[in-house]
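See below for the structure under consideration.
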Amino acid sequence: MNILVTPDPTHYPGIIDDNAKSRLESLGTIFYRGDLNEETTEDEYNAAIKQSRAEIVVTGWHGPRLTLKIYEDNPRLKYMCHVCGAVRKFVELEAIEAGLIVSNWGSVIAKSVAEGALMMILAGLRRVTYFQMEMHVRKGWLGHRQNIGLLRQKVGLFGLGAVARELVKLLILFDCEISAYDPFFPGSLFEEMGVMRVSSLEELFVSNPIISVHAANTPENYHIIDAELLAKIPDGGLLVNTARGAIIDENALIAELKSGRIDAALDVFEVEPLDHDSEFRGLENCLLIPHMAGPSFDRRVDIGYVAIENIENYINGREIKNVITPEKYVMIT
């Protein structure tokens, strides 16, 4: 079995530990090609796969894009094991439709991202950005803003996927009243989790001073959180986004934040890295972190183990976890 591994170790510290590497190298002949990255052309990637005679390619952040042409030019190639989550940037839908098996990290990072979302909710409510500026920049002390706690708060979740479901488990510990909007899950799931189901985004935003975004980045959700919806968040409310930046109309959010009416805590942005001149920067009511809500560094090893397990499953004819179907493809960035 020939396996082409494209992730550059400098971009993936902590993911493939010694144990995972040993397991990987026991599965066949491994071709490490960390030089293949987002700048790699289709012809260069095609040539690398041909040269390795790979049946499996392991891909991840900063990697090249696997096109239908590459797949059709390499009849030995059967499986793309994507170490990370988002796949659209790294493989064409047509290649999957033509028979290429593609998997990603699935829900293994859900607990870690939920932990990050909880941190952002707490930090946003406690006005950490403001008090950090007060202490570090202005050399002050209390300033004029007051902090808020999470205990017995009303929290609205836009989306009830794997991350949101893990977050619910954490919010329950704070005696929160939790509601959610997600038309893709049955009412029985809401009941099972003790979450109130609302019928619209408008109802979610009007009813909850804390909104946490966990929706998929589909064309239908592009800028779905617009100025009209943001205006429905109660005064003094908090908007948290650990999903995808394009779900929010960032210009509308900047305007709302500049008014001082609400706060935000953002992990993701429509264009990343965030531009140096972004108007989000410097806003005292906006917590910013650089797309690192999860998985935290110490939990990256979980990603590597899922990938190795899937490769073992493929080789041994067992079921591969987290397979990306054409239907799932459009839901995952």
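Restricting to the range 154-173, name every residue that is closer than 15 Å to VAL213 by Cβ, at pLDDT 95 or above and either surrounded by fewer than 18 Cβ atoms within 10 Å (Cβ to Cβ) or of a type in the set (Phe, Trp, Tyr) (or both).
The answer is PHE158, and nothing else.
Condition check ((1) over 25 Å from the mean Cα position of the chain (by Cα); (2) outside the structural domain of ASP267 (by TED's automatic domain parsing); (3) loosely packed, with under 13 Cβ neighbours inside 10 Å) across all residues:
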{"residue": "GLY143", "(1), (2), (3)": "yes, no, no"}
{"residue": "ASP175", "(1), (2), (3)": "yes, no, yes"}
{"residue": "LEU189", "(1), (2), (3)": "no, no, no"}
{"residue": "PHE205", "(1), (2), (3)": "no, no, no"}
{"residue": "ALA216", "(1), (2), (3)": "no, no, no"}
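Specify which of the listed residues (HIS136, HIS144) is of a type outside the set (S, T, N, Q), at pLDDT 95 or above and out of contact with any Pro (no Cβ under 6 Å at 6 or more places or on another chain). Quick ask: steps written out before the conclusion?
Values: HIS144 fails: at pLDDT 95 or above.
When all the criteria are applied, what remains is HIS136.
Considering only the range 167-200, state which residues are touching a Phe, Trp or Tyr at 6+ places or on another chain (Cβ under 8 Å), closer than 19 Å to ILE121 by Cα and either assigned to a loop (DSSP other than H, G, I, E, B) or among the hydrophobic types (A, V, I, L, M, F, W, C) (or both).
Selection gives ALA180 alone.
Looking at (1) touching a His at 6+ places or on another chain (Cβ under 9 Å); (2) in a helix (DSSP H, G or I); (3) of a type outside the set (S, T, N, Q); (4) assigned by TED's automatic domain parsing to the domain that holds SER200, which one does ALA307 not meet, given that it meets all the others?
Only one criterion is unmet by ALA307, namely (4).
So is LEU151 in a loop (DSSP other than H, G, I, E, B), in contact with an Asp or Glu (Cβ under 7 Å, 6 or more places away or on another chain), modelled with pLDDT of 95 or more and surrounded by 15 or more Cβ atoms within 10 Å (Cβ to Cβ) or not? Please lay out each step first, then the result.
Values: in a loop (DSSP other than H, G, I, E, B): yes; in contact with an Asp or Glu (Cβ under 7 Å, 6 or more places away or on another chain): yes; modelled with pLDDT of 95 or more: yes; surrounded by 15 or more Cβ atoms within 10 Å (Cβ to Cβ): no.
No; evaluated as a whole, the condition is false for this residue.
Considering only residues that are of a type in the set (S, T, N, Q), under 19 Å from ILE211 (Cβ atoms) and in contact with a strand residue (DSSP E or B) (Cβ under 9 Å, 6 or more places away or on another chain), which ones fall in the range 254-313?
ASN285, the sole residue that qualifies.
ALA48: surrounded by fewer than 19 Cβ atoms within 10 Å (Cβ to Cβ) and either at pLDDT below 95 or assigned by TED's automatic domain parsing to the domain that holds LYS78 (or both), yes or no? Let's see the steps before the verdict.
Working: surrounded by fewer than 19 Cβ atoms within 10 Å (Cβ to Cβ): no; either at pLDDT below 95 or assigned by TED's automatic domain parsing to the domain that holds LYS78 (or both): yes.
In short, no.
So that you can scan it fast, the table gives a plain yes or no per residue for (1) closer than 20 Å to ALA246 by Cβ; (2) among the hydrophobic types (A, V, I, L, M, F, W, C):
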| residue | (1), (2) |
| --- | --- |
| LEU287 | yes, yes |
| ALA293 | yes, yes |
| ARG299 | no, no |
| TYR305 | no, no |
| VAL323 | no, yes |
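A quick yes/no check of all residues on (1) under 17 Å from ALA123 (Cβ atoms); (2) among the hydrophobic types (A, V, I, L, M, F, W, C); (3) surrounded by fewer than 16 Cβ atoms within 10 Å (Cβ to Cβ); (4) not assigned by TED's automatic domain parsing to the domain that holds VAL155:
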site	(1), (2), (3), (4)
GLY236	yes, no, yes, no
LEU239	yes, yes, no, no
GLU256	no, no, no, no
LEU266	yes, yes, no, no
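Which residues, taken from the range 22-31, are surrounded by 14 or more Cβ atoms within 10 Å (Cβ to Cβ) and either hydrophobic (A, V, I, L, M, F, W, C) or not in a helix (DSSP H, G or I) (or both)? Lay out the reasoning, then the answer.
Within the range 22-31, the subset surrounded by 14 or more Cβ atoms within 10 Å (Cβ to Cβ) is 23-24, 27-28, 30-31.
Correct list: LEU24, LEU27, GLY28, ILE30, PHE31.
Any residue at all in the range 248-260 that is closer than 23 Å to VAL163 by Cβ, in a loop (DSSP other than H, G, I, E, B) and touching a Ser or Thr at 6+ places or on another chain (Cβ under 7 Å)?
Taking the range 248-260 and keeping what is closer than 23 Å to VAL163 by Cβ, we get 248-250, 253.
Of the ones still in play, those that are also in a loop (DSSP other than H, G, I, E, B) are 249.
Restricting the remaining residues to those that are touching a Ser or Thr at 6+ places or on another chain (Cβ under 7 Å) gives none.
Within the range 248-260, none of the residues are closer than 23 Å to VAL163 by Cβ, in a loop (DSSP other than H, G, I, E, B) and touching a Ser or Thr at 6+ places or on another chain (Cβ under 7 Å).
Just one of ASN2, ASN19, ASN37 is touching a residue at least 60 places away in the same chain (Cβ under 8 Å), polar (S, T, N, Q) and surrounded by fewer than 21 Cβ atoms within 10 Å (Cβ to Cβ); which is it? Spell out the reasoning first.
Working: ASN19 fails: touching a residue at least 60 places away in the same chain (Cβ under 8 Å); ASN37 fails: touching a residue at least 60 places away in the same chain (Cβ under 8 Å).
It is ASN2.
Going by the conditions given, is LEU157 in contact (Cβ under 8 Å) with a residue 24 or more places away in the chain, assigned to a strand (DSSP E or B), assigned by TED's automatic domain parsing to the domain that holds SER200 and of a type in the set (A, V, I, L, M, F, W, C)? Outline the logic, then answer.
Working: in contact (Cβ under 8 Å) with a residue 24 or more places away in the chain: yes; assigned to a strand (DSSP E or B): yes; assigned by TED's automatic domain parsing to the domain that holds SER200: yes; of a type in the set (A, V, I, L, M, F, W, C): yes.
Judged against the criteria, LEU157 is a match.
Would the range 87-100 turn up any residue that is in contact (Cβ under 8 Å) with a residue 60 or more places away in the chain, over 28 Å from GLY294 (Cα atoms) and in the same structural domain as PHE31 (by TED's automatic domain parsing)?
Looking for residues that are in contact (Cβ under 8 Å) with a residue 60 or more places away in the chain, over 28 Å from GLY294 (Cα atoms) and in the same structural domain as PHE31 (by TED's automatic domain parsing), one finds at least one in the range 87-100, hence yes.
I'd like the full set of residues that are polar (S, T, N, Q) and in a strand (DSSP E or B), limited to the range 209-247.
Taking the range 209-247 and keeping what is polar (S, T, N, Q), we get 212, 217-218, 221, 241-242.
Residues satisfying the conditions are SER212, ASN241.
The values are calculated or read from the model by the stated rules, or taken from the named source; none is laboratory data. Please read these numbers as outputs of a predicted model, since none were measured by experiment. Cβ coordinates were reconstructed from backbone atoms using ideal geometry, including for glycine residues, and neighbour counts include every protein chain displayed.
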